[in-house]
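**Student:** Below you'll find the structure I mean.
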Amino acid sequence: MQLDVTDREYVYSGHAGCPGCGAAIAMRFVLKALGDRMVMVLPACCWSIIAGAYPQSALKVPVLHSAFETGGAVASGVRAALDMKGDFETTVVTWAGDGGTFDIGFQALSGAVERNENFIYVCYDNEAYMNTGIQRSSSTPYGAWTTTTPGRDWKKMRKKNIVEALAAHRIPYAATASIAYPEDLLGKARKAKAMKGSRFLHIFSSCPTGWRIPSEMSVKIARMAVQTNIFPLYEVEDGVRYTINFTPKGYLVKEYFRLQGRFQHLSDADLEQIQEMVQEDWELLLRKARISY
Ligand SMILES: Cc1ncc(C[n+]2csc(CCOP(=O)(O)OP(=O)(O)O)c2C)c(N)n1
Ligand code: SF4
Ligand SMILES: [Mg+2]
């Protein structure tokens, strides 16, 4: 199948991402969907390094590097400045990691979307603080090794459901997407661009370095996360209208876990427990999608 997407590239080759970096793939697709009439706010994360420090940049869009916790606040300010200049056409995009979104930037993000600020907030999710050496975040999944959840202290809490948290603000659009499903990802980025108000994209972005997987497995692992229901693809409009975009045939989660170094310590009993947790979450999502508004 041929992708309906421009040949134009907005990410220069030779950027500083690791081979197979899912975050780099995510950026490439999102920029193809959004085009270059934008200001990108980039709080501290791997992408700050991948893009590089001024005057260098791996991105062909204007970038404003910002402090780690400020993605929502800086984007609000950039939007206000553009509006004062009468520029209502330039899209403001925050591009932040899971640490910068789920944890340290959550206050600024929550404040901004509660005001329904007119911007797109993209969280590329590699499930840990990768740029500073693979520390656990509230996006790190149950069962994972990180450098702050080592050995038997592997993470015992569930991954925070960030889309639910954003939907609770009743924003116009919140959606999950994956680097392994580019048609879906491009469609959601275009849909978000056509809307006004606060829009949130949560993109599953494999990290070969932090997940201890070979770089060529990056997209396959991301695909398996969707096919196992570990990372379902869905949208929430106005905080209440759920649409599930893909219904998997149902791979077992152990196949996904066994391929990644970060989960090698888990026993069969742990994996069975995780399978049940994934099933529970999926059934809850199905129930929400059945409610009609
Ligand atoms: C206030 C503050 N605390 C800590 C840091 C150090 N720091 C920079 S990037 C980063 C990790 C970012 O994690 P995430 O947002 O998940 O992005 P990733 O690196 O995984 O792409 C940290 C802890 C900082 N820049 N500012
Ligand atoms: S550490 Fe992970 S997210 Fe960061 S550049 Fe490398 S592969 Fe990408
Ligand atoms: Mg991260």
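**Student:** Tell me whether the range 89-103 contains one or more residues that are of a type outside the set (D, E, K, R), more than 30 Å from V253 (Cβ to Cβ) and within 16 Å of ligand 3 (Cβ to nearest atom).
**Tutor:** The answer is yes, given that some residue of the range 89-103 is of a type outside the set (D, E, K, R), more than 30 Å from V253 (Cβ to Cβ) and within 16 Å of ligand 3 (Cβ to nearest atom).
**Student:** Answer yes or no: is there a residue in the range 26-46 that is within 16 Å of ligand 3 (Cβ to nearest atom), touching a Phe, Trp or Tyr at 6+ places or on another chain (Cβ under 8 Å), among the small types (G, A, S) and at pLDDT 95 or above.
**Tutor:** Yes, there is a match, as at least one residue in the range 26-46 is within 16 Å of ligand 3 (Cβ to nearest atom), touching a Phe, Trp or Tyr at 6+ places or on another chain (Cβ under 8 Å), among the small types (G, A, S) and at pLDDT 95 or above.
**Student:** Here's another thing I want to ask about it. Kindly establish whether E127 is in a loop (DSSP other than H, G, I, E, B), under 23 Å from S198 (Cβ atoms) and either more than 14 Å from the chain's Cα centre (by Cα) or modelled with pLDDT of 95 or more (or both).
**Tutor:** Working: in a loop (DSSP other than H, G, I, E, B): yes; under 23 Å from S198 (Cβ atoms): no; either more than 14 Å from the chain's Cα centre (by Cα) or modelled with pLDDT of 95 or more (or both): yes.
Considered against the rule, which asks whether it is in a loop (DSSP other than H, G, I, E, B), under 23 Å from S198 (Cβ atoms) and either more than 14 Å from the chain's Cα centre (by Cα) or modelled with pLDDT of 95 or more (or both), E127 comes out as no.
**Student:** Which residue pairs have Cβ atoms closer than 8 Å, lie 6 or more positions apart in sequence or on different chains, and pair a first residue in the range 48-71 that is under 22 Å from F102 (Cα atoms) with a second residue that is part of a loop (DSSP other than H, G, I, E, B) and β-branched (V, I, T)?
**Tutor:** Partner pairs satisfying both residue conditions: F68/I104; E69/I104.
**Student:** Turning to a different aspect of this structure: Considering only the range 124-143, how many residues are more than 8 Å from ligand 1 (Cβ to nearest atom) and either over 17 Å from P208 (Cβ atoms) or touching a Leu at 6+ places or on another chain (Cβ under 8 Å) (or both)?
**Tutor:** 4
**Student:** Which numbered condition trips up W145, out of (1) touching a residue at least 40 places away in the same chain (Cβ under 8 Å); (2) near ligand 3 (Cβ under 9 Å from one of its atoms)?
**Tutor:** (2)
**Student:** Are there any pairs, at least 6 apart or on different chains, whose C-beta atoms fall under 7 Å, with the first in the range 121-138 and over 16 Å from I162 (Cα atoms) and the second near ligand 2 (Cβ under 10 Å from one of its atoms) and assigned to a loop (DSSP other than H, G, I, E, B), and if so, which?
**Tutor:** Taking only residues 6 or more apart or on different chains, the pairs are M130/C207; N131/C45; I134/A128; Q135/A128.
**Student:** Shifting gears a bit: Step by step: first the residues of the range 106-123, then only those that are out of contact with any Phe, Trp or Tyr (no Cβ under 7 Å at 6 or more places or on another chain) and under 30 Å from F263 (Cα atoms), then the one that is farthest from ligand 1 (Cβ to nearest atom). Which residue is that?
**Tutor:** Only one residue tops the list, namely F106.
**Student:** Of all residues in the range 255-286 being closer than 15 Å to I221 by Cβ and not in a helix (DSSP H, G or I), which is nearest to the chain's Cα centre (by Cα)?
**Tutor:** Restricting to residues being closer than 15 Å to I221 by Cβ and not in a helix (DSSP H, G or I), the top hit is Q260.
**Student:** Now for a separate question. Among the residues of the range 240-254, how many are more than 18 Å from S218 (Cα to Cα) and either buried (at least 17 other Cβ atoms within 10 Å of the Cβ) or not basic (K, R) (or both)?
**Tutor:** So the count comes out to 10.
**Student:** Right, here's the next one. Touching a residue at least 60 places away in the same chain (Cβ under 8 Å), more than 22 Å from T90 (Cβ to Cβ) and not hydrophobic (A, V, I, L, M, F, W, C): does that describe G22?
**Tutor:** Working: touching a residue at least 60 places away in the same chain (Cβ under 8 Å): yes; more than 22 Å from T90 (Cβ to Cβ): yes; not hydrophobic (A, V, I, L, M, F, W, C): yes.
Yes: the conditions hold for G22.
**Student:** Further question on the same structure: Suppose we filter the range 136-174 for residues that are within 14 Å of T101 (Cβ to Cβ) and hydroxyl-bearing (S, T, Y); how many remain?
**Tutor:** 4
**Student:** Of the residues G210, G197, only one is within 12 Å of ligand 2 (Cβ to nearest atom) and of a type in the set (G, A, S); which?
**Tutor:** None of the others qualify; the one that does is G210.
The values are calculated or read from the model by the stated rules, or taken from the named source; none is laboratory data. Not measured: the values here are computed from a predicted model. Methodologically, a virtual Cβ is constructed for each residue, glycine included, from the backbone with ideal geometry; neighbour enumeration extends over all protein chains shown.
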